[in-house]
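Worksheet: one structure, shown below.
Since every read-out is calculated from the coordinates, none of them should be taken as a lab result. Every value quoted in this text rests on a predicted model; they were computed, and no experiment measured them. Neighbour counts are summed over all protein chains in view; Cβ atoms, including those assigned to glycine, are modelled from backbone coordinates with ideal geometry.
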Amino acid sequence: MKLIGNASVQVGETAVETANLVAARISQQMTDQPASVLGLATGGTPVAVYQQLVRLHRQNGLSFSRVHTFNLDEYVGLAADHPQSYRMFMREQLFDSVDVDPERTFVPDGVASDLAAAAADHENAIRDQGGIDLQLLGIGQNGHIAFNEPGSALDSRTRVVDLTSSTIQANARFFADAAEVPTRAITMGIGTILESKSIVVMATGAAKAEIVRRALVGEETRDCPASYLRRHDGVTWYLDREAASQL
Ligand code: F6R
C-alpha cells in the first residue's frame, strides 16, 4: 500500500488478484459491521469482485442478511426486468446468489414517470440509512465516476444526466443493437458519493492507465470528475499492474 496525495493505492499483480483484494476489503467491512450500508457499482470491472463475494458467501458463510445496498446508477428507460438494466446486472452478479434481502437493495428507478422524484427518492433512502459506509466505484476512460461525466459539479446530487457519446459507445458492447443503448441515466452525484464514509475505486487494464494517472496526480478539474476524489481522505484505489503503469 502506498500513498499518493491523501489516497491509499494498492496494486495487485493481475485483475483477478486486484478483485480479490477489493472483495476482501468489502468482506472485512461486513464482518466489522454486519449492518453496513454498501454502495455498489456495475460495469465490467467489479464482476470478478462479485464472483469472489459469492464464493465467500458460499464457502465462508459471509452474510449479506443485514446489509443495505445502494447502486450508483441506472439507465433511463430500462425496466428492472430488462436484461441490460443495472438492477438485472446486480441480480445476476450478486443479489440472487447471496442472502441479501431484496427489499434492502436500492437501484434508481429508470422507468419512473417522474425521474427527478426517483432520483430524490434514492438520495433520501441513502440518508434514511445514515449514509453509505463503503462505496465501490469504477472509473470511465473519460474520468467519470458513476455517470458523472466530465463537466459535472463537485456538489452534484443524484439526478438525471445525459451520457456522453464516448460512454454510450463504451456501453454498446453490452447491447445487441447500438440503437438500443440508453442515452440517459439516473446517477448518484459527486457530492453524494463524497459523503460516503470510505470509498474504494477499482481500475484494471492498460486502457485505464492514463485516466488513473490524471485522476490521482493530474490537475483537479471538473474535466476529470474522478480527480475530485482527492477531496476525500478515506479513498483507496485498487489497481492492477497495467492500470498503475503510468503512476
Ligand atoms: C457503473 C458506473 C460506471 C463504471 C465505469 C467503468 O455503475 O457507474 O462509472 O464504473 O463506466 O466501467 P467498466 O468497469 O465497465 O470499465
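Quick notes
- The peptide list 97-104, 184-191, 212-219, 238-245, put in order of mean Cβ contacts within 10 Å with the highest first, becomes 184-191, 238-245, 212-219, 97-104.
- Compactness of the range 141-190 as Cα Rg over 2.2 N^0.38 Å, two decimals: 1.15
- Among S166, S63, S113, the largest mean-square fluctuation in a Gaussian network model of the chain (Cα springs under 10 Å) belongs to S113.
- The range 125-139 - phi-based ³J(HN,Hα) in whole Hz, Karplus 6.51/-1.76/1.60, Gly and Pro as x: 5, 4, 4, 4, 8, x, x, 8, 7, 9, 10, 8, 10, x, 9
- Cα point-scatterer Debye curve for the chain, base-10 log of I(q)/I(0) at q = 0.10 Å⁻¹: -0.43
- Rounded if a/c under 1.5, otherwise prolate or oblate - the range 62-146, Cα gyration tensor axes: rounded
- Of all DSSP beta bridges in the chain, antiparallel share, percent nearest 5: 35 percent
- Percentage of interatomic Cα-Cα distances in the range 111-164 larger than 18 Å: 43 percent
- Extent along the principal axes, Cα only, for the range 97-198: 38, 32, 29 Å, with the longest axis given first.
- Peptides 227-235, 174-182, ordered by how many other C-beta atoms sit within 10 Å of their residues on average, highest first, read 227-235, 174-182.
- Note on the range 8-63: Cα Rg divided by 2.2 N^0.38 Å, N the number of residues, gives 1.12.
- All C-alpha to C-alpha distances of the range 1-147, sorted into 5 Å bins beginning at zero, yield P(r) values of 2, 9, 17, 23, 21, 15, 9, 4, 1, 0 percent in whole numbers.
- Given their separation in residues at 0.36 nm each and the Cα-Cα distance between them, D114 and S27 gain 27.7 nm when the chain is fully extended.
- Overall form of the range 142-247 per C-alpha gyration tensor (a/c, 1.5; a/b vs b/c): oblate
- Nearest-0.05 FRET efficiency for Q59 and S165, computed from C-beta distance (R0 45 Å): 0.55
- Residues whose placed amide H lies under 5 Å from that of G189, excluding near-sequence neighbours: T158, R159
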